[in-house]
Amino acid sequence: MNLSNELKLTKYNELDVLEVNHSKVKAKIALQGAQLLSWQPYNAEQDVLWLSEIEPFKAGSAIRGGVPICYPWFGTVKEPAHGTARIREWNLVEHSCSSESVRLVFALEQEAKIEMILGETCGLYFTHLGSEAAQLALHTYFNVGDITKVEVQGLPTRCFDKLTDQEVEVPSPRQVDQNIDCIYAANPTNIIQDFTYQRAIVVEHHNATETVLWNPWHKPTGGMSENAYQKMVCVETARLNILLQPQEVVSVKISVQ
């Protein structure tokens, strides 16, 4: 496939990565997992997404950071954890550029496709093409200045705490001061107030039934350095209990204020 001037295919260790260099946006997407690794609109001083600084980019190993696609299952119900989509090679099947954005479509055989519209905002549109019902999480890692100076707004006051396996009452807005792995009923919009970088990241979930909030805190976590938790928070767009049906689309739109 011939690429436009704004697109360049390069190698990060063992993985092919598509680099986007456009007047409105810079971005990086690994073909393994069709995983958006970096999205920085021209009006953002820092990348909006977090990527582990020790990521080795090895074929067949999940990439720690960006937006992993957890599909067709979530968690450890089967092996590998979080499904096979994030460790398989996707194909770039469409691409186009306008003055405002870059549009990319990646496909995983007859199973799934994801459309990315990258510009001043970031839109990710996942379509389930398989014949069986499936789970999905767009497991977005957001880059923050200091996790102790972050507030996640728009979350309900009840969630399922995966660390204790029980439903709990929690404050909203939510601050992160410990290991958090919570599944919420999805609200349409969450806002990550980052007081260090003095920005608000707006996360709009479409056709999601759950939002997952995750930060490992001091817990040793594969693919992350000891203090990496201080610079990231995951706010995930998910379909877990109400399974995705064929041709259903789940999307997330991200913007910075």
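List of remarks:
- Across the stretch 1-130, the mean sequence separation of Cα contacts (distance under 8 Å, 6 or more residues apart), normalised by length, yields a relative contact order of 18 percent.
- Amide H to amide H, with H built 1.01 Å from N, Phe142 comes under 5 Å of Trp50, Val233, Cys234, Val235, counting only residues 5 or more places away or on other chains.
- Of the residues Arg64, Arg199, ranked by 1.4 Å probe accessible area with the largest first, the sequence reads Arg64, Arg199.
- The string of couplings for the stretch 244-257 from the Karplus curve (6.51, -1.76, 1.60, θ = phi - 60°) is 6, 9, x, 6, 6, 10, 10, 9, 9, 10, 10, 9, 10, 10 Hz, one whole number per residue in order, with x for Gly and Pro.
- Between Asn43 and Lys8, the C-beta separation translates, for a Förster distance of 25 Å, into a calculated FRET efficiency of about 0.65.
- Per-residue Karplus couplings for the stretch 105-118, computed as 6.51 cos²θ - 1.76 cosθ + 1.60 with θ equal to phi - 60°, are listed in order as 10, 10, 10, 10, 6, 9, 9, 7, 9, 9, 9, 10, 10, 10 Hz, Gly and Pro entered as x.
- Within the shell of other residues whose beta carbon sits under 11 angstrom from the beta carbon of Cys159, the net charge comes to -2, with Lys and Arg scored +1 and Asp and Glu -1.
- Here the chain is treated as a Stokes sphere of Kirkwood radius computed over C-alpha pairs; at 10 °C and 1.306 mPa s its diffusion coefficient rounds to 87 µm²/s.
- Taking all protein chains together and a 1.4 Å probe, the residues Glu236, Glu53 rank Glu53, Glu236 from largest to smallest accessible area.
- Projected-area average for the stretch 16-160 over all orientations - Cα convex hull basis, square nanometres: 10.3
- Area accessible to solvent at Phe57, 1.4 Å probe radius, in Å²: 30
- The relative contact order of the chain, computed from alpha carbon pairs under 8 Å that lie at least 6 residues apart in sequence, is 18 percent.
- Candidate residues His218, His206, His139, His95: accessible-area rank, largest first, probe 1.4 Å: His218, His206, His95, His139
- Rounded to the nearest whole Hz, the Karplus-based 3J(HN,Hα) values (6.51 cos²θ - 1.76 cosθ + 1.60, θ = phi - 60°) of the stretch 151-156 follow the sequence 10, 9, 9, x, 8, x, with x at glycine and proline.
- A straight line joining the Cα centroids of the stretch 51-96 and the stretch 189-257 runs 15 Å.
The values are calculated or read from the model by the stated rules, or taken from the named source; none is laboratory data. Remember, predicted model here, so these are calculated numbers, not experimental data. Cβ atoms come from the backbone with ideal geometry, glycine included; neighbour counts cover every protein chain shown. We work out accessible area using only protein heavy atoms, side chains counted, and drop any ligands, DNA or RNA first. Shrake-Rupley method; radii C 1.70, N 1.55, O 1.52, S 1.80 Å.
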